[in-house]
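A short worksheet on the structure shown next.
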Amino acid sequence: MEYLMLFISAIFINNIVLVQYLGTCPFMGTSKSTDVAIGMGAAVIFVMLMAVAFTWPLQHYVLTPYGIGYLQTIVFILVIASLVQFVELFLKKVIPPLHASLGLFLPLITTNCAVMGVAIMVQRGEYPFFKALLFSLATGLGFLIALVIISSIRERLDISPVPAVFRGIPVALITAGVMSLVFLAFQGMAA
Amino acid sequence: MPSVIKEFTKGLWDELPPFRVVLGLCPTLAVTSTAENGLGMGAAVLFVLTLSNAIISALRKIIPGKVRIACFIVIAASLVVAVELLMQAYTYSLYQRLGIFVPLIVVNCIILGRAEAFASRNGVIPSIADGLGMGLGFTMSLTFLGALRETLGNGTVFGIPVPWEAFRPAHLMVMAPGAFICLGLILAGMNAFNRHMSRRKGEIPTEPKNAACASCAACNLCATARKEN
């Protein structure tokens, strides 16, 4: 039950983009069409899981025992950046079709604060390993859902008579604001 | 010398982040629930950006092209660790309020974007000017947005209540939806202002430039990363 609650809360109640404001740059940058949004969302889920799977043992078996917790930021970003490179090379060699659909988004993910954010949040919340993995999976799903919803709205906005000064990012931000209002309603569920 | 001044001032208006060049949205949205938090976040970014620009431009001839992005990240991350330790020592309550967004300065696209677009191609002095200008612009924008949201949502600025008594704050503005809506309205306002100015000069108003990825300085970086693979 606890795990189910964690799962739902990470997707809806504490949605990573709309409630915690992480990963807003790709949220605005890659939400112009639904296909791109799905690809980006899938790549984020994948990298997020991998990032937590690698940084969690590092934190617990290297950083904390040796008292070098202050190096967390530098270690995590290096792990994530090299991981992204590695995943890209691996996919290119082993699963070319997947690389063709996700590869484009992988370099973008290095500077996606959602991935780094989840790795740090898991440590600050002191989650055990499997709970941490579940949390990152759910957070990634939340990102995917938010991205798919806003991209389908933006596809419609493209053909709607939006005032010229609002076209592009401004109207997308206001749409995100309204979506965030909706997601805020989920917080009533948790209480 | 004039070029140094130009590099400094472009960050204050022409390429003002995040209003003119939409970069670093996450901290912009997240920490601007009060003016004080916005100012603190801006100052931290100003510090990291200026020093990272200085170090990267000084090392630009030594850093091999193929691993430059990894090098930029290491330099930025070391500076962010320094900021974290400084904030823990001197402004602990601010550090706690900014929370996870202090370590996340390292993935702020402004840092990598300026490193790639400017510091890796220019000398130390212009790069410092660029970092200072962009950082100050970012600090001003964040403080402005923070003050606006604090006024509308809480009825205070820097913790001081606004003078008019009949004003009823809408708490929504300091929550997540308020952040998105405020920033959207400001960007639209900037667009309207630009159109007005170019009309006055007798030019045909151009389409708003702040259209997502294209205006992101890191876009350049993504594109080269894609090409190399």
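Every read-out reported here was derived from the displayed coordinates using simple, explicitly stated rules and does not represent laboratory data. Since the structure is predicted, the reported quantities are computational estimates derived from the model, not experimental observations. Here Cβ is always computed from backbone atoms with ideal geometry, including for glycine, and neighbour counts include all displayed protein chains.
Key figures
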quantity	calculated
Taking all pairs of distinct alpha-carbon atoms in the stretch B:2-224, Kirkwood radius in angstrom	18.3 Å
Cα-projected label distance for A:Val36 with B:Leu86, points at 7 Å along beta-carbon direction, nm	3.7 nm
Cα long-axis angle, helix B:124-154 against chain B (0 to 90 degrees, to the nearest 10)	20 degrees
Within-12-Å neighbourhood charge of B:Ser3 [Cβ basis; K, R +1; D, E -1]	0
Among the listed pairs B:Lys61/B:Lys201; A:Lys131/B:Lys66; B:Lys10/B:Lys66, those beyond 32 Å (Cα-Cα)	B:Lys61/B:Lys201; A:Lys131/B:Lys66
Surface/4 estimate of mean projected area, convex hull on alpha-carbon atoms of the stretch A:31-151, nm²	7.4 nm²
Chain A, dipole about Cα centre (Lys/Arg Cβ +1, Asp/Glu Cβ -1), debye to the nearest 20	180 debye
Karplus-derived HN-Hα couplings along the stretch B:38-53 (A = 6.51, B = -1.76, C = 1.60, θ = phi - 60°), whole Hz, x at Gly and Pro	x, 4, x, 4, x, 5, 4, 5, 4, 4, 5, 5, 4, 5, 5, 4
Number of partner chain Cβ atoms within 10 Å, mean per residue of A:13-26	5
Helix axis angle, B:217-228 relative to chain B longest principal axis, alpha carbon, degrees	40 degrees
Relative contact order computed over chain B (Cα-Cα under 8 Å; 6+ residues apart), in percent	33 percent
Förster radius 25 Å - calculated FRET efficiency between A:Glu126 and A:Val148 (Cβ-Cβ, nearest 0.05)	0.20
Approximate spin-label separation B:Ile160-A:Ile95, in nm, with each point projected 7 Å along Cα-to-Cβ	5.8 nm
Global geometry of the protein assembly as shown, whether rounded, prolate or oblate, following the gyration tensor of its Cα atoms and the 1.5 cut on a/c	rounded
In nm, spacing of pseudo-spin labels at B:Val67 and B:Arg200 (7 Å Cα→C-beta vector)	5.2 nm
Residues A:Tyr70 and B:Phe167, FRET efficiency given R0 of 56 Å [Cβ-Cβ distance, rounded to 0.05]	0.80
Whole-Hz ³J(HN,Hα) from phi, Karplus 6.51 cos²θ - 1.76 cosθ + 1.60, for the stretch A:162-169, glycine and proline x	7, x, 3, 5, 8, 5, x, 5
Among B:188-199, B:14-25, the order from most to least packed when residues are scored by Cβ within 10 Å on average	B:14-25, B:188-199
Unit charges on C-beta of K, R, D, E only; dipole of chain B, Debye	660 debye
Averaged over B:78-88, number of beta-carbon atoms from partner chains that fall within 10 Å	2
Charge dipole of the protein assembly as shown about the Cα centre (unit charges at C-beta), most positive-ward option of A:Tyr61, A:Ala185, B:Phe19	B:Phe19
Built amide H within the under 5 Å cut-off of B:Thr156, gap 5+	B:Thr151, B:Val162
Signed unit charges on C-beta, dipole axis of the protein assembly as shown, positive-most listed residue B:Ser3, B:Ala35, B:Ile69	B:Ser3
Angle in degrees between helix A:113-124 and the longest Cα principal axis of chain A, rounded to the nearest 10	40 degrees
Over chain B: helical MRE at 222 nm, DSSP H runs n ≥ 4 each giving -39500 (n - 2.57), nearest 500	-20500 deg cm²/dmol
Cut-off 13 Å between beta-carbons: net charge of the residues surrounding A:Gly69, Lys and Arg +1, Asp and Glu -1	-1
Shielding by partners, peptide B:95-104 (average Cβ within 10 angstrom, other chains)	4
C-alpha center-to-center spacing [the stretch A:16-82, the stretch B:94-109] in angstrom	14 Å
